[in-house]
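As structure tokens, the structure follows; a few thoughts come after it.
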Amino acid sequence: MRWNLRLAAANRGIWKASELQRMLAERGLNISAGKMSGLWSGEPASIKLADLDVICAVLSCGVAELLIPEPDKIQRVDDQQQTSAAVSSGSGPAVTPKRRDGRSLPPV
């Protein structure tokens, strides 16, 4: 999925993140400057559905305009299995398990 907030806002004449931040605050969604920067300029790591509702209401748009699917970036399950099989059959060094508590294993 590609996050498309900036273009959706620009299509409605909103050119600055601070302007959208003010509009969201008027609807009860107070977003910090740092989070607003992440929403405006990049891909947010996460977003609450309630926040997404407010953003859609302010921009008068649907979720489909904010989240653009990118099916070409998804690998098929068969491709993933072939890739993992190729990696696991490599001639690299053997992996030795280690204890989780950091202690060494007894000698063999």
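The values are calculated or read from the model by the stated rules, or taken from the named source; none is laboratory data. Just so it is clear, the model here is predicted, and its values are computed rather than measured. We place every Cβ from the backbone using ideal geometry, glycine too, and count neighbours over all the protein chains shown.
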Could we say that residue 85 is within 15 Å of residue 3 (Cα to Cα), of a type in the set (A, V, I, L, M, F, W, C) and at pLDDT below 95 here? no
Report every pair of residues separated by at least 6 positions or lying on different chains whose Cβ atoms are under 9 Å apart, first residue within the stretch 1-28 and under 14 Å from residue 47 (Cβ atoms), second modelled with pLDDT of 95 or more and of a type in the set (S, T, N, Q). 24/30
For residues in the stretch 29-66 being of a type in the set (S, T, N, Q) and touching a residue at least 24 places away in the same chain (Cβ under 8 Å), which is farthest from residue 4 (Cα to Cα)? 60
Being closer than 29 Å to residue 74 by Cβ and either modelled with pLDDT of 95 or more or touching a Ser or Thr at 6+ places or on another chain (Cβ under 9 Å) (or both) is the requirement here; does residue 6 meet it? yes
Among residues belonging to the stretch 19-40 that are loosely packed, with under 12 Cβ neighbours inside 10 Å and polar (S, T, N, Q), point out the one that is farthest from the chain's Cα centre (by Cα). 30
All positions within the stretch 2-37 that are of a type in the set (Gly, Ala, Ser) and touching an Asp or Glu at 6+ places or on another chain (Cβ under 7 Å): 8
